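Undergrad: First the structure, which I've put down as C-alpha cells, then a few questions once you've had a look.
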Amino acid sequence: MSATAEMPYFVRPSQNLPAEEKERAYAQAYAAIAATLTGETNELVVMVTINSVLKTYLPYFYWTGFYLVSGPDRLSVGPYQGTLGCLHIEFGRGVCGTVAASGRAKIVADTHALEEGREHIACDPNSRSEIVLPVRRPDGSLLGVFDVDSTECDSFDAVDQRWLEKILSIFSDPVLPLRATWAAPAVSR
Ligand code: SME
C-alpha cells in the first residue's frame, strides 16, 4: 500500500470523539457486549463479537483486532475487522510486540513519529494513532494483545484504556470457563 492508501469501500476514515461522547459510546458498547456474551464460553466467539460491537459504536476504530501468542516471543494475527493485518509480529517489535514483551498497555498519539519497522509496524499506511493492550488468561499468562488503529492522530486516551481494560477482563475472569485455546471452542463442563 502506498503512503496513504485508498480505503476499501467497507472502511471509513476515523472520526475522533470528545471524552463525553466516548463515555456514552463505550457504555452502550459494553452493554451490548455483556448482553450478547453472557454465558458464552467460546473464546473465538467472544473475540469476533468484541471486534464487531466496538467497531460499530466507536467511529474512530479503523482497525480492531487481536494478535495472539503463537509461540515463544511470537504473535500471530487473530480475529479482526479492517484492512489487511500483518500476519506475525515478534515480541519487542512494533507497538503490539512491545506490549506483548512489557505486558503494559501503550497509547500512540502519532504513529508517524515512531521508527518504522522497530517501534511501529505499518500494516496500513492510513493508520495514524493506536492503542494496544495486553489480554490475559485467568492464570495471568498472556493470551495476546488487543490492537486498535485510527486514521486520525490523538484518537486514544485514558478513557479508551479504562473501558477496553474493563471489556478485555472477560478473558481473565476466573468465573467464565474460557480455558481452551482460541483455536478450539471451549467445552462447557
Ligand atoms: N501497527 C501495529 C501492527 C499491527 S497493525 O496495526 C494491524 C504495530 O506496530 O505493532
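Undergrad: Do you know which of the residues in region 95-127 that are more than 8 Å from the ligand (Cβ to nearest atom) and of a type in the set (S, T, N, Q) is farthest from P13 (Cα to Cα)?
TA: S102
Undergrad: A further question on this structure: Within region 16-38, work out how many residues are surrounded by 12 or more Cβ atoms within 10 Å (Cβ to Cβ) and either touching a strand residue (DSSP E or B) at 6+ places or on another chain (Cβ under 9 Å) or of a type in the set (D, E) (or both).
TA: The qualifying residues number 3.
Undergrad: Give the number of residues within region 109-154 that are β-branched (V, I, T), over 13 Å from S169 (Cα atoms) and touching a helix residue (DSSP H, G or I) at 6+ places or on another chain (Cβ under 6 Å).
TA: Residues flagged as β-branched (V, I, T), over 13 Å from S169 (Cα atoms) and touching a helix residue (DSSP H, G or I) at 6+ places or on another chain (Cβ under 6 Å) within region 109-154 amount to 3.
Undergrad: A further question on this structure: Restricting to region 128-174, and then to whatever is of a type in the set (G, A, S) and more than 16 Å from the ligand (Cβ to nearest atom), can you tell me which residue is nearest to E115 (Cα to Cα)?
TA: Across region 128-174, the extreme among qualifying residues is A158.
Undergrad: If a residue counts only when it is open to solvent by 50 Å² or more (accessible area, probe 1.4 Å), which strands (runs of 3 or more DSSP E) contained entirely in region 60-169 have at least 2 such residues? Quick ask: steps written out before the conclusion?
TA: On the way: elements: 63-71, 74-81, 88-90, 106-108, 129-136, 142-150.
Of the strands (runs of 3 or more DSSP E) lying wholly inside region 60-169, those with at least 2 residues that are open to solvent by 50 Å² or more (accessible area, probe 1.4 Å) span 63-71, 74-81, 88-90, 106-108.
Undergrad: Residue check, V53 against (1) in contact (Cβ under 8 Å) with a residue 40 or more places away in the chain; (2) more than 12 Å from the ligand (Cβ to nearest atom); (3) outside any strand (DSSP E or B), all met but one. Which one?
TA: (1)
Undergrad: So, in region 155-168, how many residues would count as being in contact with a helix residue (DSSP H, G or I) (Cβ under 7 Å, 6 or more places away or on another chain) and aromatic (F, W, Y)?
TA: Selection size over region 155-168: 1.
Undergrad: Which numbered condition in (1) under 24 Å from S172 (Cα atoms); (2) over 15 Å from the mean Cα position of the chain (by Cα); (3) at pLDDT 95 or above; (4) away from the ligand (no atom under 13 Å from the Cβ) is the only one that E90 fails?
TA: Against the list (1) under 24 Å from S172 (Cα atoms); (2) over 15 Å from the mean Cα position of the chain (by Cα); (3) at pLDDT 95 or above; (4) away from the ligand (no atom under 13 Å from the Cβ), E90 comes up short only on (4).
Undergrad: Would you confirm whether any residue within region 40-50 is buried (at least 18 other Cβ atoms within 10 Å of the Cβ) and within 11 Å of the chain's Cα centre (by Cα)?
TA: Checking region 40-50: at least one residue is buried (at least 18 other Cβ atoms within 10 Å of the Cβ) and within 11 Å of the chain's Cα centre (by Cα).
The values are calculated or read from the model by the stated rules, or taken from the named source; none is laboratory data. The structure displayed is predicted, hence computed values, not measured ones. Please note: Cβ atoms are built from the backbone with ideal geometry, for glycine as well, and neighbour counts cover all protein chains shown. SASA here: full protein model, heavy atoms, side chains in, ligands and nucleic acids out. Shrake-Rupley method; radii C 1.70, N 1.55, O 1.52, S 1.80 Å.
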